[in-house]
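The block underneath contains the structure these notes are about, expressed in structure tokens.
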Amino acid sequence: MSAVLQPSWPRAVPLGAGFAQDPYPTYRAWREAAPVLWSGDYFGGAWLVARHAEVAQVLRDPRLSARRTGGWVMHDGDDRRELAGFQKLFARALLFLDEPDHGRVHGLMHAAFRPAALQRLVPFIEREVDALLDAADRGGGFDFMPTVARPLPVRVIAELLGLPGGDQPAFAAWSDALSAFIGALQPGREQARRAQAALLAMARHFEVLFEAGACEGLAGELLQAEARGELHDRAELLAQCVMLLFAGYETTRNLLGNGVHLLLSHREQWERLRAEPQLAVPALRELLRYECPVQYTGRRVTTDCVLHGQPVRRGELVIALIGAANRDPAQYARPDELDIGRTPRPSLAFGSGPHVCLGAALTMLEGEALLRRLIERRPDLRLVDPAPRWTGSALYRGLASLPLV
């Protein structure tokens, strides 16, 4: 639903050609302009919120709903028929649920992400990091993204879910198709078709494993929850499984790639981490703040109201710009400087409120294991090309490649 704008209502500076490569000047202009801005660049029209305080509030505002997939997936009558399978699963994922469904489904998965449960994964994560770095070391120079950043999170989330053959190339390919759709500001029908094919292929993969009794981890626990009636039906079960596999891969690979690039391109920060390896966790928090893997999230207005002084109507979309909030000088001193020793102030990289990222602690464990092993094994690691090769997505801030020597 598009807003009928009054002449006095603030509009965002339009996106320029270089936005995906460097969104931060645009974010700065939006923060300085007004608390809430209208933009036609996001999904045909949406309200943008770029300041830290306002973004944090939007993420917790009960007037704003996480249920927003209908207009996203389906644009006309033909789409509604063709993409019904996509919408059926996509809309049931935890990310897009409100209460009481969100609390019910979240509760079924929360135990698997508690610190004690995740600590049991640490030896597996460390072995996988070593195995991937062993393979990388055999060839001298290597591209970090396909060699380490892509396979590691796939293997880890597959281990958590209890999937055999966790390094299957199909997992990453399916995730890439979903990422292209979810990360598009104006997703087209062909992108939606490819995303639907990937999502349904992932669902079929889980169905085969369930029929064979081959899932022993979180996926198996969710299957038991379905049998007990705690998940309402098979679609709800499959939605959680496929989106866990996708989310566990997409954001973590971008953190790993962004983090290594930032540290090597800010050499003094790399050397400081080498000298003070206990800074690995604070370093990860700063890397997440500085180059957030997920740049925004959306909410749908449930009732006509006033949002930070701006009238908004039921059905309109609000975009909470996490990447902009994490560079807000009202929240962080010298926000455009990378400082792994920065006095801790929570960022919004993992969200806030009921929808805070369920897998945040797992992502941190993977990042910590990788950083510690890299500074031990490859202290002289260097970039081949200092210019980052970004993927071009406005949602997912990540690198297409990262050659290292």
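Assorted remarks:
- Restricting the first member to the stretch 192-219 and to residues that are touching a residue at least 24 places away in the same chain (Cβ under 8 Å), and the second to residues that are outside any helix (DSSP H, G or I), the beta-carbon pairs closer than 6 Å and six or more apart or on different chains are ALA192/LEU83; GLN196/LEU83; LEU209/CYS215; ALA214/PRO164; CYS215/GLY162; GLU216/GLY162; GLY217/GLY162; ALA219/GLY162.
- Note on the stretch 32-102: enclosed helices (runs of 4 or more DSSP H) holding 3 or more residues that are touching a Leu at 6+ places or on another chain (Cβ under 9 Å) and buried (at least 16 other Cβ atoms within 10 Å of the Cβ) are 52-58, 84-90.
- Condition met for ALA184 (of a type in the set (Gly, Ala, Ser) and within 18 Å of the chain's Cα centre (by Cα)): yes
- Helices (runs of 4 or more DSSP H) (entirely within the stretch 221-330) containing at least 1 residues that are in contact with a helix residue (DSSP H, G or I) (Cβ under 6 Å, 6 or more places away or on another chain), surrounded by 24 or more Cβ atoms within 10 Å (Cβ to Cβ) and at pLDDT below 95: 234-265
- Pairs where the first residue, in the stretch 130-142, is in contact (Cβ under 8 Å) with a residue 12 or more places away in the chain and the second is surrounded by 10 or more Cβ atoms within 10 Å (Cβ to Cβ) and part of a loop (DSSP other than H, G, I, E, B), C-beta under 7 Å, 6+ apart: GLY140/VAL405; GLY141/VAL384; GLY141/VAL405
- Filter pass, ALA400 being over 30 Å from THR303 (Cα atoms) and free of Cβ contacts under 8 Å to residues at least 12 places away in the same chain: no
- Residues (crowded, with 17+ Cβ neighbours inside 10 Å and more than 18 Å from the chain's Cα centre (by Cα)) located in the stretch 390-405: LEU402, LEU404
- Test: residue in the stretch 254-263 that is over 13 Å from LEU152 (Cα atoms), over 19 Å from the mean Cα position of the chain (by Cα) and not β-branched (Val, Ile, Thr): yes
- Any hit, the stretch 226-243, residues being in contact (Cβ under 8 Å) with a residue 40 or more places away in the chain, under 21 Å from ARG397 (Cα atoms), out of contact with any Pro (no Cβ under 8 Å at 6 or more places or on another chain) and of a type outside the set (Phe, Trp, Tyr): yes
- Where GLY367 falls short, out of the listed (1) over 29 Å from ARG120 (Cβ atoms); (2) of a type in the set (Gly, Ala, Ser); (3) crowded, with 16+ Cβ neighbours inside 10 Å: (1)
The values are calculated or read from the model by the stated rules, or taken from the named source; none is laboratory data. In this text the structure is predicted, and so the values were computed from the model without any measurement. Quick reminder, even Gly has a Cβ in these numbers, built from the backbone with ideal geometry, and neighbours come from all protein chains shown.
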